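What follows is a set of notes on a single structure, which appears directly below.
The values are calculated or read from the model by the stated rules, or taken from the named source; none is laboratory data. Since we're looking at a predicted model, the values are computed, not measured. Cβ placement follows ideal geometry from the backbone for every residue including glycine, while neighbour counts extend to all protein chains displayed.
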Amino acid sequence: MDIKNVVCAVILDHGKIFATQRGYGEFKDGWEFPGGKVEPGETPEHAIVREIREELNTTVEVVRLLDTIEEDYPKFHIVLRCYLCRVKEGRLELLEHEAARWLDAEHLYDVEWLPADLDLVREKVEDLMDADSEGNLTAAGSADDLTNFDREDNRMDSGRRDARTGISAKEKVNRKEDTHMKVLMINGSRRERGCTYTALSIVAEALREEGIDSEIVFVGKAAMDGANALSACIKDLKIKAAGADGFVFGAPVYYASPSGESQMVLDRLFGAAVAELRCKPAAVVTSARRAGTTSSLDVLAKYPTINEMPLVSSSYWPMVHGSTPADVLKDEEGVGIMKQLGRNMAWLLKCIDAGKKAGIMQPAAVEYNATNFIR
Ligand SMILES: Cc1cc2nc3c(=O)[nH]c(=O)nc-3n(C[C@H](O)[C@H](O)[C@H](O)COP(=O)(O)O)c2cc1C
């Protein structure tokens, strides 16, 4: 019998759980915890972050594994890993489900749960709801903050329109200009708001003009603060990478190479987050007072290009010059190169997104043995 590895997210708020109604397939109309299949090469933890982003346009973080449930369905055997999750960003929009409800203990069995989800409700969720009555487990805003629910029937339908924009979640995801894509940028300088940050901010602005979100993460301090800080930083980046569609790796030039701080982070990240980074477009950016830019860009570009990440280029090698942010802004050519880089990244992301919607998925991995000079 076929074995399906799937994951689901239990999102709690003050003793209420977030339940969704399936909008497609064999079990259409059944109620479940949101989630989906673990893809090849993915860990279950990353699958749940990706699935919730795809289904609810929301970024969650895993609090802990609650249970693993095995269930026989007529045509397959399911292994369902259930994670308690906390909402980090987003408002739980229904992009694939038919409806959703926040259920309290009294109404927990008002919906038709799918079999595996029902086991989870009985075995774990009831106790959990009890323990969360004060909102101490995943509290990250109230249910009202997290969703656009109809207060009267405590229900959200996928066709419901956003009060502000008048656009339904389903329409939103189909809109070309609203693709919900995000670029994660890493600032590998020792200075949080220095020249590298300025260069990345120009790229971010160009992406924003194209309707693409971004986040600049400063990693220089974590790299200098010792092993624990660096490990925590890599863990966080790995989760962020799972939810990102593209990347920009930025670093200042120190002695004609990318800063040691940036290399410490990238050395670790590219070991730890292969699946989260693979096949997503990346750009590299450097900042120098005077020299060492091209040798630094060569080193930075080695990271994405060992992990099947299409390298985004600009109208010149992606560098800015200066010792201060004000210098960078005076580097007219550097500013133009960064803007073009943002536009080129947006273009490639939209092409990949359009390809996915047309059924063109990332290539399957070729299997081969790693060899070296002595075997
Ligand atoms: C330790 C160190 C080494 C540096 N080495 C170089 C260098 O080799 N070439 C250069 O042009 N600038 C060098 N610089 C200057 C920085 O690369 C430059 O000011 C950069 O724009 C700073 O970016 P940031 O503000 O993001 O840190 C160095 C700076 C430091 C602190």
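Laid out as a table, the results:
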read-out	value
Residues that are closer than 18 Å to L311 by Cβ and touching a residue at least 60 places away in the same chain (Cβ under 8 Å), drawn from the stretch 348-375	L348, L349, K350, I352, Q362, P363
Test result for A273, surrounded by fewer than 17 Cβ atoms within 10 Å (Cβ to Cβ) and either over 30 Å from E89 (Cα atoms) or away from the ligand (no atom under 13 Å from the Cβ) (or both)	no
Scope the stretch 5-56; condition within 13 Å of R81 (Cβ to Cβ) and of a type in the set (D, E, K, R); matching residues	K37, E42, E45, E51
Output for the stretch 51-70, where each listed residue is out of contact with any Leu (no Cβ under 7 Å at 6 or more places or on another chain), crowded, with 16+ Cβ neighbours inside 10 Å and in a strand (DSSP E or B)	T59, V60, E61, V62
Residue match in the stretch 298-314 (condition: hydroxyl-bearing (S, T, Y) and not in a loop (DSSP other than H, G, I, E, B))	yes
Residue ID - farthest from the chain's Cα centre (by Cα), chosen from residues in the stretch 315-333 that are near the ligand (Cβ under 10 Å from one of its atoms) and part of a helix (DSSP H, G or I)	D327
Residue in the stretch 22-29 that is outside any loop (DSSP other than H, G, I, E, B) and surrounded by fewer than 20 Cβ atoms within 10 Å (Cβ to Cβ) present	no
Filter result (without any contact (Cβ under 8 Å) to a residue 12 or more places away in the chain and surrounded by fewer than 17 Cβ atoms within 10 Å (Cβ to Cβ)) within the stretch 283-342	D298, K302, T305, A326, K330, E332
Test: residue in the stretch 303-311 that is under 19 Å from the mean Cα position of the chain (by Cα) and within 16 Å of the ligand (Cβ to nearest atom)	no
Residues within the stretch 249-264 that are assigned to a helix (DSSP H, G or I) and either within 14 Å of the ligand (Cβ to nearest atom) or without any contact (Cβ under 8 Å) to a residue 12 or more places away in the chain (or both), tallied	4
Test result for R208, within 18 Å of I337 (Cβ to Cβ), among the basic types (K, R) and either modelled with pLDDT under 95 or buried (at least 20 other Cβ atoms within 10 Å of the Cβ) (or both)	yes
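Rundown of residues vs (1) part of a loop (DSSP other than H, G, I, E, B); (2) modelled with pLDDT of 90 or more; (3) not polar (S, T, N, Q), yes/no style:
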site	(1), (2), (3)
G36	no, yes, yes
E39	yes, no, yes
V49	no, yes, yes
P74	yes, no, yes
R81	no, yes, yes
V87	no, no, yes
R101	no, yes, yes
E106	no, no, yes
V111	yes, yes, yes
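Table: residues versus (1) farther than 30 Å from A358 by Cα; (2) more than 16 Å from the ligand (Cβ to nearest atom); (3) assigned to a loop (DSSP other than H, G, I, E, B).
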| position | (1), (2), (3) |
| --- | --- |
| E192 | yes, no, yes |
| L207 | no, yes, no |
| S214 | no, yes, no |
| K221 | yes, no, no |
| I234 | yes, yes, no |
| F247 | no, yes, no |
| C279 | no, yes, yes |
| S287 | yes, no, no |
